[in-house]
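Inspection log for the structure reproduced underneath, given as structure tokens.
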Amino acid sequence: MSVIPYIIPRTFSNMRGNRLSHLMTALTIAFVVLIFGLSTLIYFNLHRLAENYSREIRIVTYIDPALPPEDIEGLKAKVLKLRGVANIRHVTSQEGYQRLVQQFQDEKDILAGLGEDFLPSTLEIEVTGTMYNMGRIRPLVSELTSLPGITDVYYGKEWVERLRQAADFTRLITFAIGGLFLLTTIFVVSNTIKLTIYLRRNELETMRLVGATNFFIRGPFVLEGMLQGLVGSGLAMLALFALFEFLKTQVNFPGFIRFFSPIFLPIPVVTGIIAGSIILCATVSAFSMRQFLRV
Amino acid sequence: MDSPLIELKHVYKSYEQDLTVLEDINLRIGKGEFVFINGPSGAGKTTLLKVILCIERSTKGEVWVDGINLKRLSNSKIPYLRRRMGMVFQDFKLIENLTVFENVALSMEVCGIKKSVIEQRVDQVLKSLGLEIKKRIYPRRLSGGEQQRVAVARAVVNDPLVLLADEPTGNLDAGRAADIMSLFNEISARGTTVIFATHNQELIRSTAKRVIILDQGRIVN
């Protein structure tokens, strides 16, 4: 014997009887999930962008011109021993000059009068996969700076760090919106349930008197909550996808991120947001019933 | 009476320190018995029924129903107890947005009984109460007497051990009240224990059933 075949039709008949309130709840959930989703999408893409550029980080160390050429091999050996260094390449002054010549092929005049050895020789350092995190690169940079024979270290930290700071800030905003989403959902769903309970208090009272279990009474409300979560978050994800597709064609990315192609939230994240909304709404519904179900 | 179906031992019910609604109630009701609970308004009749149906818990004393001590019955088990009892209320307590059939079927649906069984049984009960042609109608379109018959149908559809009625004729005229009374007599004749709370002396005088008189929360006869 199972009461489930009676709970499902009761859920739909309850929702039909209280259409407006359920619609408003679903739309409110949709709105909040949309904002949460948008923030997650921005964070996700900023994080990707930062990751991409972090992978291209090369640490460039400038070798002291006074360092005798025979000591350069020793310096290379010392650098290679440092944690996080994957590979190094010694770029001599002449190689550096040749690179510049290639870069300024059309404006050779810029280099006129400069000797082939005006650039210091450098060591170009590739870092290992685990070093992409900025927090881990900093100690390596300090160690390099302290090595005798190295005058300066450059790793394009400013813009990569700014990107990371933006990603971290967006993550904070996403958490804040997540909290707002949680509170709004709790407030809206619990009020809808309470309103429904109030409107149908006589019916629920009668059900209790004829021997309905809490599961039988609570079931349709929890299902209603789950449906509201599903409809609200589903609508939000659809709207977010439409917004994303629209913005992708409208926004021109500036400068160095011109070649970055933003992507929509991955399926597991979308599924997670929808599943989370369903679980949250169902839980709030179940809790809102608790007071009423006390015998 | 060897083993009573319902037994109350020194039962008290109070809401606040000064408001005692039931006081030292001792009562034994046997299987198949028809008992009237009589007394003026506020005598404690409804509370007594509520205590038996476990809508209210007694403050002191023991209430036994079919061998179950209600004091020890957990909240989660109460629905299962109620399924073995039928209750008819003065205000019918029918659900307005359900048809006659659906109202009666509700008592069986909460037990998880199969739809085909419910359809057969509800049709049978509605037919026996002369409500077959009204089964698709909503309660607001029925007369008071008809609504009370639907309430009785809902209470007996699960073949309860005991049928509790709280002023079931209170909202009906004399003719309709007599109809409902004879309906309860029929149900009792089939072996169901009936506890019928009423303040209507006329109704009691017309039968020769056992009468328990309550006054200010105490049994006085």
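What to note about this one:
- When region A:95-110 is filtered for residues that are free of Cβ contacts under 8 Å to residues at least 12 places away in the same chain and of a type in the set (A, V, I, L, M, F, W, C), the ones remaining, listed by number, are A:101, A:104, A:110.
- Tally of residues being of a type in the set (Val, Ile, Thr), surrounded by 17 or more Cβ atoms within 10 Å (Cβ to Cβ) and over 11 Å from the mean Cα position of the chain (by Cα) across region B:132-171: 3
- In region A:1-12, residue modelled with the highest pLDDT [restricted to those that are exposed (fewer than 13 other Cβ atoms within 10 Å of the Cβ) and within 9 Å of chain B (Cβ to nearest Cβ)]: A:5
- Identity of the residue in region A:70-87, among the hydrophobic types (A, V, I, L, M, F, W, C) and in contact (Cβ under 8 Å) with a residue 40 or more places away in the chain, that ends up surrounded by the fewest Cβ atoms within 10 Å (Cβ to Cβ): A:86
- Within region A:13-23, being free of Cβ contacts under 8 Å to residues at least 60 places away in the same chain and either surrounded by 20 or more Cβ atoms within 10 Å (Cβ to Cβ) or more than 14 Å from every other protein chain (Cβ to nearest Cβ) (or both) holds for A:20, A:23.
- Matching option when the condition is in contact (Cβ under 8 Å) with a residue 60 or more places away in the chain and either within 24 Å of residue A:141 (Cα to Cα) or not aliphatic (A, V, I, L, M) (or both), among A:92, A:61: A:61
- Filtering region A:262-294 to residues that are in a loop (DSSP other than H, G, I, E, B), within 17 Å of residue A:240 (Cα to Cα) and out of contact with any Lys or Arg (no Cβ under 8 Å at 6 or more places or on another chain) leaves A:264, A:265, A:266.
- Leading residue by the ranking (modelled with the lowest pLDDT) among those in region A:148-160 that are within 20 Å of residue A:51 (Cβ to Cβ) and open to solvent by less than 40 Å² (accessible area, probe 1.4 Å): A:160
- Lone unmet requirement of (1) out of contact with any Cys (no Cβ under 7 Å at 6 or more places or on another chain); (2) open to solvent by less than 70 Å² (accessible area, probe 1.4 Å); (3) within 14 Å of chain A (Cβ to nearest Cβ) for residue B:75: (2)
- Taken together, B:107, B:116 contain a single residue that is among the hydroxyl-bearing types (Ser, Thr, Tyr) and within 9 Å of chain A (Cβ to nearest Cβ), which is B:107.
- In the condition set (1) crowded, with 19+ Cβ neighbours inside 10 Å; (2) modelled with pLDDT under 90, residue B:175 is compliant with all but (1).
- Against the test of being touching a residue at least 40 places away in the same chain (Cβ under 8 Å) and open to solvent by 80 Å² or more (accessible area, probe 1.4 Å), the options A:287, A:244, A:264, A:181 yield a single qualifying residue, A:287.
- Total residues in region A:31-61, condition surrounded by fewer than 21 Cβ atoms within 10 Å (Cβ to Cβ) and closer than 30 Å to residue A:200 by Cβ: 1
- From A:214, A:202, A:252, residue being in contact with a Leu (Cβ under 7 Å, 6 or more places away or on another chain) and open to solvent by 60 Å² or more (accessible area, probe 1.4 Å): A:214
- Per the listing A:278, A:173, A:193, A:217, the residue uniquely within 30 Å of residue B:165 (Cβ to Cβ), touching a helix residue (DSSP H, G or I) at 6+ places or on another chain (Cβ under 6 Å) and touching a residue at least 40 places away in the same chain (Cβ under 8 Å) is A:217.
- Any hit, region A:196-209, residues being in a helix (DSSP H, G or I) and more than 14 Å from chain B (Cβ to nearest Cβ): yes
The values are calculated or read from the model by the stated rules, or taken from the named source; none is laboratory data. Given the structure is predicted, the values throughout are model-derived calculations rather than measurements. Please note: Cβ atoms are built from the backbone with ideal geometry, for glycine as well, and neighbour counts cover all protein chains shown. Heads up: the accessible areas ignore ligands, DNA and RNA and are worked out on the full protein's heavy atoms, side chains in. Shrake-Rupley method; radii C 1.70, N 1.55, O 1.52, S 1.80 Å.
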